[in-house]
Amino acid sequence: QAVSAGDSIHTRHCPSDRCLSPCSRLETGIREVVPMPSKDGAAATGGDGGSKAPAAAAESKGSCKRILLIIALALSVGRWSCRCPSHSNPPDVVVRFGEPGWQEVLRKNLAVHGYAHVPGLLTREEVQAMRNLAETYCYGETRKALPLGYGGYSVPGFLDLPEFAGAAWLPKDKRVHQLLEAAFNGTAYRFASHNDVGCDFVGVWHKDVLRGNVAKYQECDVWSRDDVGQQHEIYKVMFYLQDHLHDEQAMKVIPGSHVLRTTPWERGYVALHPRMGDTVIFDQRLSHSGNTFYNVFGQGRLFMQVGFGRDNRFTDEFERGTIERQKALQARMLKSPQPRGWSTFLTDAKFLALGSVLTALPPQLLNYFADADIKAHEGRSCAGTGAVMGASGGRAAEL
């Protein structure tokens, strides 16, 4: 429960001694068991044993601190041993838009690695204008974006909002569609209705599939073909609204993981370093991560993304679930604006603490929960035996 400005911060908001630190609770328990001395030096309950109580309490406090230190060290060692290593030989996924043969380079990168980095698709001026819209909506005098339970803010379905009318051109842009026409190799594709803005969005390792109460819409396993030989092919087109040339706060990916149901940690991750105006396009089944640390002092980690899919039943199913999810989240968002002040300060403090915890936890543990819905996909093949994609399946096998 939030503490208002007029409240004194004591134990009124939690029962018994739950607001005390672990060591304080231990000391409290010791005082209940070991009689404390009275003013005349004797124990409050009589006798001469009270003089030992302060020493016992001090010794217990020291033991408690040692135990907590051991636990902290054990967690640090566990986190280090479970870290995702960096890729030993990152693939070159840069696509020079407009140069001879760029379309084939794009298709190969998407098929084999699951992503591509396209420098300078948009101008810095265009991206700066989009950043201004996002920054005002997320961090203006009133924070209108949806605060997320795991940290950061999201603007689901931003294209439906009047505040983002200045970005309505993005999914219709000629350059974006030249990119998509090359990606889909001339076959029919369409907007999959997915569109959102992230503002210091805390993102753990995951694959983009329908989750929770909208997972029911994904009737066909996204790693299998359907009864007419079609397969899942949906790409997210992402624009970072600031430079990430010298940091790892943009997207991190595991190359080639889009054709696997699980996350192949042993391959190692690659951190992308896009500039303003660059585009990252990726297969949404790719194992990827954002930033788990919520930085209240940084420039802000903002992005816009839109999704497009091959015109088939996989995109139809994903779109139905996406529309329902975005509508529900947007309705929540519109009911929860936060005027700048004490409440936003507390929200930032909560996100900072939560991000610190997520950063300390093993990524495999977080991914286990984030991708829990993927286990249900295996039994949803719409084509029967032999249609499941293998480690080298999908479009990679077609090249």
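Among the charged types (D, E, K, R), closer than 21 Å to residue 86 by Cα and crowded, with 19+ Cβ neighbours inside 10 Å: is that true of residue 283 in this structure?
Values: among the charged types (D, E, K, R): yes; closer than 21 Å to residue 86 by Cα: yes; crowded, with 19+ Cβ neighbours inside 10 Å: yes.
Taking the combined requirement at face value, the residue satisfies it.
Among what's in segment 148-179 and is on the phi < 0 side of the Ramachandran plot, of a type outside the set (Phe, Trp, Tyr) and at pLDDT below 95, pick the residue that is least open to solvent (accessible area, probe 1.4 Å).
The initial filter retains those residues of segment 148-179 that are on the phi < 0 side of the Ramachandran plot, namely 148-150, 153-156, 158-179.
This time we only want the ones that are of a type outside the set (Phe, Trp, Tyr), so: 148-149, 154-156, 159-163, 165-168, 170-179.
Then keep just the ones that are at pLDDT below 95; that gives 148-149.
Working: 148: 20, 149: 71 Å².
Here the answer is 148.
Looking only at segment 236-244, decide whether some residue is assigned to a loop (DSSP other than H, G, I, E, B) and in contact with a Pro (Cβ under 7 Å, 6 or more places away or on another chain). Explain how you work it out, then say what you get.
If we filter segment 236-244 for residues that are assigned to a loop (DSSP other than H, G, I, E, B), which is where we start, we get 241-244.
Retained after the next criterion (residues that are in contact with a Pro (Cβ under 7 Å, 6 or more places away or on another chain)): 244.
Looking through segment 236-244, at least one residue is assigned to a loop (DSSP other than H, G, I, E, B) and in contact with a Pro (Cβ under 7 Å, 6 or more places away or on another chain).
Would you confirm, using the coordinates I've provided, whether residue 121 is within 15 Å of residue 240 (Cα to Cα), open to solvent by less than 70 Å² (accessible area, probe 1.4 Å), touching a Lys or Arg at 6+ places or on another chain (Cβ under 6 Å) and at pLDDT 95 or above? Step through it out loud before you land on a result.
Working: within 15 Å of residue 240 (Cα to Cα): yes; open to solvent by less than 70 Å² (accessible area, probe 1.4 Å): yes; touching a Lys or Arg at 6+ places or on another chain (Cβ under 6 Å): yes; at pLDDT 95 or above: yes.
Judged against the criteria, residue 121 is a match.
For a quick check of your reading of the model, give me the residue pairs whose first member lies in segment 315-327 and is more than 18 Å from residue 188 (Cβ to Cβ), whose second is hydroxyl-bearing (Ser, Thr, Tyr) and in a helix (DSSP H, G or I), with beta-carbon atoms closer than 7 Å and at least 6 apart or on different chains.
Partner pairs satisfying both residue conditions: 320/217; 321/217.
Looking only at segment 247-280, count how many residues are of a type in the set (A, V, I, L, M), in contact with a Pro (Cβ under 9 Å, 6 or more places away or on another chain) and within 17 Å of residue 86 (Cβ to Cβ). Please lay out each step first, then the result.
Applying the first criterion (of a type in the set (A, V, I, L, M)) to segment 247-280 yields 250-251, 253-254, 259-260, 270-272, 276, 280.
Cutting the leftovers down to in contact with a Pro (Cβ under 9 Å, 6 or more places away or on another chain) gives us 250-251, 254, 270-271, 280.
In the following step, the residues that additionally are within 17 Å of residue 86 (Cβ to Cβ) were identified as 250-251, 254, 270-271.
Selection size over segment 247-280: 5.
Criterion first (among the β-branched types (Val, Ile, Thr), farther than 16 Å from residue 199 by Cα and touching a residue at least 12 places away in the same chain (Cβ under 8 Å)) does residue 344 satisfy it? Lay out the reasoning, then the answer.
Working: among the β-branched types (Val, Ile, Thr): yes; farther than 16 Å from residue 199 by Cα: no; touching a residue at least 12 places away in the same chain (Cβ under 8 Å): yes.
In short, no.
Those residues that are more than 19 Å from residue 368 (Cβ to Cβ) and open to solvent by 10 Å² or more (accessible area, probe 1.4 Å), I need them from segment 196-219; list them, please.
196, 200, 201, 213, 216, 217, 219 - these are the residues of segment 196-219 that are more than 19 Å from residue 368 (Cβ to Cβ) and open to solvent by 10 Å² or more (accessible area, probe 1.4 Å).
Starting from segment 99-119, keep only residues that are without any contact (Cβ under 8 Å) to a residue 12 or more places away in the chain, then list their pairs with residues that are surrounded by 23 or more Cβ atoms within 10 Å (Cβ to Cβ) and β-branched (Val, Ile, Thr) whose Cβ atoms are within a distance under 6 Å, requiring at least 6 positions of separation or different chains.
Final answer for the pair search is 105/95.
Condition check: open to solvent by 10 Å² or more (accessible area, probe 1.4 Å) and part of a loop (DSSP other than H, G, I, E, B). Does residue 222 satisfy that?
On the way: open to solvent by 10 Å² or more (accessible area, probe 1.4 Å): no; part of a loop (DSSP other than H, G, I, E, B): yes.
No; evaluated as a whole, the condition is false for this residue.
Please verify whether segment 81-96 includes one or more residues that are farther than 19 Å from residue 359 by Cα, at pLDDT 90 or above and of a type in the set (Gly, Ala, Ser).
Looking through segment 81-96, none of the residues is farther than 19 Å from residue 359 by Cα, at pLDDT 90 or above and of a type in the set (Gly, Ala, Ser).
Residue 333 - would you say it is at pLDDT 95 or above, part of a helix (DSSP H, G or I) and either hydrophobic (A, V, I, L, M, F, W, C) or over 30 Å from residue 184 (Cα atoms) (or both)? So that I can check it myself, show each step before the final result.
Numbers: at pLDDT 95 or above: yes; part of a helix (DSSP H, G or I): yes; either hydrophobic (A, V, I, L, M, F, W, C) or over 30 Å from residue 184 (Cα atoms) (or both): yes.
Yes.
The values are calculated or read from the model by the stated rules, or taken from the named source; none is laboratory data. From a predicted model like this one, the values you see are computed outputs, not experimental measurements. With ideal geometry, Cβ positions are generated from the backbone for all residues, glycine too; neighbour counts draw on all protein chains shown. These area figures cover heavy atoms from the full protein model, side chains too; ligands, DNA and RNA do not enter into them. Shrake-Rupley method; radii C 1.70, N 1.55, O 1.52, S 1.80 Å.
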